[in-house]
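Trainee: The structure that follows is given in the form of structure tokens.
Computed from the coordinates by the stated procedures, all read-outs in this text should not be read as laboratory data. Note that the coordinates shown come from a computational prediction; the quantities given were computed from them, not determined experimentally. Quick reminder, even Gly has a Cβ in these numbers, built from the backbone with ideal geometry, and neighbours come from all protein chains shown.
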Amino acid sequence: MKLPPLPDRRNALIGFIMKANKATYLANDRGFDEWYVKQYEHWLEQEASVGK
């Protein structure tokens, strides 16, 4: 199994973890925060533009 690229920035990494485990966060009232997910998605966009 190949892992997706992982961010080197703390907030983006937290966003990756939250996005990957969203159902668990929501089911257990664990404080899912969309802001962190947006940080991860922004990081992904930057990585995609660098790879072009």
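Trainee: Before anything else, pin down the relative contact order of the range 6-49: Cα pairs under 8 Å, at least 6 apart, normalised by residue count, whole percent. Intermediate results must be reported in sequence, preceding the final value.
Mentor: Working: 41 pairs, mean separation 20.3, N = 44.
That works out to 46 percent.
Trainee: Relative to the first principal axis of the alpha-carbon coordinates of the chain, what is the inclination of helix 10-20, with its axis defined by its Cα atoms, in degrees from 0 to 90 and to the nearest 10?
Mentor: Tilt of helix 10-20: around 60 degrees.
Trainee: Shifting gears a bit: For n ≥ 4 DSSP H runs only, could you compute -39500 (n - 2.57) per run for the chain, divide by its residues and tell me the 222 nm figure to the nearest 500?
Mentor: -20000 deg cm²/dmol
Trainee: While we're looking at this one, here's another question. According to a simple spin-label model (label point 7 Å from Cα along Cα-to-Cβ), what is the distance in nm between Ala23 and Trp35?
Mentor: The answer from the label model is 2.8 nm.
Trainee: Return the distance in nm (one decimal) between the two label points of a simple spin-label model at His42 and Arg10, each offset 7 Å from Cα along Cα→Cβ.
Mentor: 1.6 nm
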